[in-house]
1. How large is log10 I(q)/I(0) at q = 0.18, 0.28 Å⁻¹ when the Debye formula is applied to the Cα atoms of region 4-58, each weighted equally and without solvent?
2. Trypsin sites (Lys or Arg not before Pro) within region 21-57: which are DSSP loop residues with at most 16 other Cβ atoms inside 10 Å?
Amino acid sequence: MMSKLTAQREKLHLTQEELAEKSGISVRTIQRIEAGQAPKGFTLKALAKVLEVHESYFEVAEIPEKENQTTLMWHKILNLSSLPFIFLPPLNILIPLALFFWKRQMNPVNRKLLSIQIVWTLIGIVLIIFVLILTDWFAVESNVKKLIPILWICLNGFIIIRNALVLSKEHPNRILPNINVL
């Protein structure tokens, strides 16, 4: 797998020697960084400047492709496991939660996906109580009483499907709503 330094250097059509000359860093140091060593201090600043990237570009550790694909697959499974149980609010949390702990997929993206389902279930419970109160206090038509849970289910389904589409494009940082209670 190509390092970030190599990728950016090649993108700018620079050889290691040209990069060394422009940055004031030895060719050997560039070779070590391309082999996996993290740049620090002056080296980090000089490379970022010459390669026209922010210093944080080098800070993120690269995840092996196979591991990345497996993690992405579990993000999708965890997210979509709520969908079949959208009509049974406790199960839309329990099934993904069971997968979360069973497969030990306790990463920030999965925590966020579970948090969304927990919050939506709590909202659903509040809405059901609200509908029951409306029935007792006001003369509300039965169609209006049915509309609130249907809207809740539709919105929850929309969020699950939208996040599944975002995950399929490999952008887990764009999962909405941005809720994290775990």
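1. -0.46, -1.31
2. Passing sites in region 21-57 are Lys40.
Every number here is computed from the coordinates shown, using simple stated rules; none is lab data. The model shown is predicted, which means the values in this text are computed figures rather than measured ones. Cβ sites come from the backbone with ideal geometry, for glycine too, and all protein chains shown count toward neighbours.
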